Amino acid sequence: MEEKRQELADELFTSSGSLPDASAPCQINGDMLIHAGTGCAPEDDAPLALLLGVAVGDALGVPVEFRARGTFHVTGMQGYGTHNQPPGTWSDDTSLTLALADALLPDQCSMERIAAGFRNWYFHAAYTAHGKVFDVGNATARAIRRLQEGCAPEKAGGSEEQDNGNGSLMRIAPLVFFLSGTDDPRTRFSLVRKVSSITHAHSWSVAACFLYIELLDKILKGRSGAAGYEELKEEFRHHSFLHPATLARFDRLLKGDIRRLAERDIRSSGFVVDTLEAAVWCFLTTDNYRDAVLKAVNLGEDTDTTGAVTGALAGLAYGTRGIPGVWRRQLAGIEEIRRIALGLSRKAVCREHPATPGD
Ligand SMILES: [Mg+2]
């Protein structure tokens, strides 16, 4: 175990420049994803792969956020544009993802601890690429101000239909590492609901986060995207704890085959259901990280969040080496991302028993 942990630390703290560029994607062996170079399943690499996946997808989208589809074409990391930030700058999506990841403890998921991280970001620019908060969603800002006024974390998020922006979906991915040892889907759902509700408490936002976490969990456990998607659809037929009217919002994902939809039928707005559909579509209709996130960003509109949500799926599926080295080298704040990934890896490696929620 110690040797394995040291190897992991060496990998995480190696400069991004020395990580080999693996152009070869993972191989699919039955339903399992196997790294082409190592012959190993991707678990050890997973926290860094997921966080880098989010950050790179976010950074690719930041310069073109709000631009209409078809009016631009992103092919690589570029700077300035919408937010006038240098190349490699990631935004609130990654900041809040890092804050959540940093708050997770091996045996406890404390809402107070997560909320403290969110406040630290919003008011003190913690977890930022360049010490500055330049992008924040309205619902998230309102919730964090409520937290600052003393509101309990689970009551801070808006719960009306209009509060269904993608602000909790964009930051929820690291929770998969905490939940992967928990078998009961009701327990997993309960914790996802709590963590989403810190900023987004409506049932559509919660269900979108749960669906996303369940798909990430299947990828983490080695399923290919296609096999994981089929399992997901089958399992959701039996989740009686989800209200049928809520589930109906996800029919295009759960009853149909999202892969068959044409690009013109995929929306990339800031609505949580649109973002989830777009991310799963981009992930399942490509076979490598680069194509998945470029497809997501080039859908336009909420480019950084669609890139980030797609990036977590693709990062986890194809591993750190599946993310182009030139993009990793251009990424801002890479040491902060590595520090948090290492912490997450140690927590995941150390945890021997299924964890339970904290407060
Ligand atoms: Mg953003």
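Structure above, values below:
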{"item": "Unmet requirement for LEU98, which otherwise passes all of (1) over 17 Å from the mean Cα position of the chain (by Cα); (2) closer than 22 Å to GLY325 by Cβ; (3) among the aliphatic types (A, V, I, L, M)", "result": "(1)"}
{"item": "Filtered residues of segment 191-202 (kept if free of Cβ contacts under 8 Å to residues at least 24 places away in the same chain and buried (at least 24 other Cβ atoms within 10 Å of the Cβ))", "result": "VAL192"}
{"item": "Among (1) surrounded by fewer than 24 Cβ atoms within 10 Å (Cβ to Cβ); (2) within 19 Å of the chain's Cα centre (by Cα) - the single one LEU299 does not satisfy", "result": "(1)"}
{"item": "Wholly enclosed helices (runs of 4 or more DSSP H) of segment 223-284 bearing at least 2 residues under 21 Å from the mean Cα position of the chain (by Cα)", "result": "225-236, 251-254, 272-284"}
{"item": "Selection within segment 47-99 - of a type in the set (Asp, Glu) and part of a helix (DSSP H, G or I)", "result": "ASP58, ASP92, ASP93"}
{"item": "Subset of segment 146-165 that is of a type in the set (Gly, Ala, Ser) and either over 14 Å from LYS194 (Cβ atoms) or within 15 Å of the ligand (Cβ to nearest atom) (or both) - its residue that is surrounded by the fewest Cβ atoms within 10 Å (Cβ to Cβ)", "result": "GLY150"}
{"item": "Residue within segment 170-190 that is within 16 Å of the ligand (Cβ to nearest atom), farther than 27 Å from ASP251 by Cβ and surrounded by 24 or more Cβ atoms within 10 Å (Cβ to Cβ) present", "result": "no"}
{"item": "Total residues in segment 44-61, condition modelled with pLDDT of 95 or more and over 16 Å from the mean Cα position of the chain (by Cα)", "result": "0"}
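For (1) assigned to a helix (DSSP H, G or I); (2) small (Gly, Ala, Ser); (3) more than 16 Å from the ligand (Cβ to nearest atom), each residue gets a yes or a no:
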{"position": "ARG113", "(1), (2), (3)": "yes, no, yes"}
{"position": "GLY117", "(1), (2), (3)": "yes, yes, yes"}
{"position": "ASN120", "(1), (2), (3)": "yes, no, yes"}
{"position": "VAL133", "(1), (2), (3)": "no, no, no"}
{"position": "ILE144", "(1), (2), (3)": "yes, no, no"}
{"position": "GLY167", "(1), (2), (3)": "no, yes, no"}
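For (1) closer than 14 Å to ILE198 by Cβ; (2) in contact with a Phe, Trp or Tyr (Cβ under 7 Å, 6 or more places away or on another chain); (3) modelled with pLDDT of 95 or more; (4) crowded, with 16+ Cβ neighbours inside 10 Å, each residue gets a yes or a no:
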site	(1), (2), (3), (4)
LEU100	yes, no, yes, yes
ALA103	yes, no, yes, yes
GLU112	yes, no, yes, no
PHE123	no, no, yes, no
ALA126	no, no, yes, yes
ALA139	yes, no, yes, yes
ILE144	yes, yes, yes, yes
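The values are calculated or read from the model by the stated rules, or taken from the named source; none is laboratory data. The structure presented is a predicted model; accordingly, all values stated were derived computationally and were not measured. Ideal geometry is used to build each Cβ from the backbone, glycine not excepted, and the neighbour counts take in all protein chains shown.
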